[in-house]
1. Which one of the conditions (1) within 28 Å of PHE217 (Cβ to Cβ); (2) of a type in the set (Val, Ile, Thr); (3) touching a helix residue (DSSP H, G or I) at 6+ places or on another chain (Cβ under 9 Å); (4) part of a loop (DSSP other than H, G, I, E, B) does VAL157 fail to meet, given that it meets all the rest?
2. Restricting attention to the stretch 267-285, report how many residues are closer than 16 Å to SER244 by Cα and either outside any helix (DSSP H, G or I) or in contact with a helix residue (DSSP H, G or I) (Cβ under 7 Å, 6 or more places away or on another chain) (or both).
3. Test PHE223 against the stated conditions and say whether it is over 28 Å from GLN85 (Cα atoms) and outside any strand (DSSP E or B).
4. Is the stretch 147-159 home to any residue that is among the hydroxyl-bearing types (Ser, Thr, Tyr) and touching a Leu at 6+ places or on another chain (Cβ under 7 Å)?
5. Only residues that are under 14 Å from the mean Cα position of the chain (by Cα), surrounded by fewer than 22 Cβ atoms within 10 Å (Cβ to Cβ) and part of a helix (DSSP H, G or I): list them for the stretch 11-59, please.
6. Mind checking which residues of the stretch 206-250 are crowded, with 24+ Cβ neighbours inside 10 Å and of a type in the set (Phe, Trp, Tyr)?
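The values are calculated or read from the model by the stated rules, or taken from the named source; none is laboratory data. Here the structure is a predicted model, which is why all the values come from computation and not from measurement. Cβ atoms come from the backbone with ideal geometry, glycine included; neighbour counts cover every protein chain shown.
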Amino acid sequence: MQAVVQTIRDLVEIPSPTGFTVHALTYVENRFKEEGVDYKKLEKGALLAMIPGKSSRIRLLTAHVDTLGAMVKEILPTGRLSLSQLGGYAWTAIEGENCLVHKMDGQTVSGTIVFHHSSVHTSRVTNTEERSATNIEVRLDIRSTTAEETRVAGIEVGDVVTFDPRFVHTETGFVKSRHLDDKASVALLLELIKTWKTIDLPYPVHILISNYEEVGFGGNAGFSKDVAEYIAVDMGALGEGQHSDEYTVSICAKDGSGPYDLALRHQFTRLAQQQSIPYKVDIYPYYSSDASAAVHAGHDVRHGLLGPGIESSHSYERTHETSLQATYDLLDAFVREPMNDENTL
């Protein structure tokens, strides 16, 4: 797991909100080259690695490198910035976070995301007013008190804003960071490639690293018509009423897009039981994945979803090494097993 955790750190420290993923994809591409696996670039910018197997039917595993972020929506008269979200999250989840504004010339300006009435010494609404797009601002680390001064610094509407990941790996095995969704899963697949490329797989395994998942269309195109099973490797969402935790692999039965393939889900569960892999089956009510995007786009595939349990999803997230290990082990067991050709339970 030390290699997995280091890869997670490498990835989360590369800013890559939806629409601004080129640097993270370059990292992944370099890893594909290091491992000597065949891959291709898709027109949307995603990467598709191809590991050979004995059959013509293909198993596809996908994880997404795009994360949450924002764009400059308006330069305010005060010189501060208002934001438009990239991906879905609560404004409270980013209040107080350090950030970078990525200018068109490639340079960055640092800042902090703050509530407009952030000081309790000057406002009575600091503790009561709902946070929204109208009162969350970027306080820039430049001397600017007007919109014109900010523009002179090279900042404009449409510039991408990224959040400090604040990666921490504790002695007790926890991994804390923004953007574990879904860079933890990308890291697992990158490490698993090292093993899969050396063995005779029953089916080819294609690995799609998508880059528009957070806005709903990352994995809906660009893969072979011979894909029979499409597995999204993505986080298990923890919270009140949920079954998943930070110490097991989470297997999704249903999310906001509908149920996942029952035979695949039973296969995941059986493999976990047979190999003593800790797991939980769960339903995520406000969630969808690249696998559901592919099905909604009309692809005739059996789709599944599994991944590490992530606490405080779309905020400052946390998981544990044991959850990463369980996800690693279940993915490895799955790609080594014959396909359920009859689609029976």
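1. Condition not satisfied by VAL157: (3).
2. Number satisfying all stated conditions: 11.
3. Answer is yes for this residue.
4. Within the stretch 147-159 (the criterion being among the hydroxyl-bearing types (Ser, Thr, Tyr) and touching a Leu at 6+ places or on another chain (Cβ under 7 Å)), the answer is yes, since at least one residue qualifies.
5. Once the filter is applied, which keeps residues that are under 14 Å from the mean Cα position of the chain (by Cα), surrounded by fewer than 22 Cβ atoms within 10 Å (Cβ to Cβ) and part of a helix (DSSP H, G or I), the stretch 11-59 yields only LEU25.
6. Once the filter is applied, which keeps residues that are crowded, with 24+ Cβ neighbours inside 10 Å and of a type in the set (Phe, Trp, Tyr), the stretch 206-250 yields only TYR230.
Residue-by-condition table, conditions (1) touching a strand residue (DSSP E or B) at 6+ places or on another chain (Cβ under 6 Å); (2) touching a residue at least 24 places away in the same chain (Cβ under 8 Å); (3) basic (Lys, Arg); (4) assigned to a strand (DSSP E or B):
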residue	(1), (2), (3), (4)
LEU189	yes, yes, no, no
PHE217	no, yes, no, no
ALA228	no, yes, no, yes
ILE231	yes, yes, no, yes
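Residue-wise test of (1) without any contact (Cβ under 8 Å) to a residue 40 or more places away in the chain; (2) part of a loop (DSSP other than H, G, I, E, B).
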position: GLU95; (1), (2): no, yes
position: CYS99; (1), (2): no, no
position: ASP105; (1), (2): no, yes
position: ILE113; (1), (2): no, no
position: GLU129; (1), (2): yes, yes
position: ALA133; (1), (2): no, yes
position: VAL138; (1), (2): no, no
position: ARG143; (1), (2): yes, yes
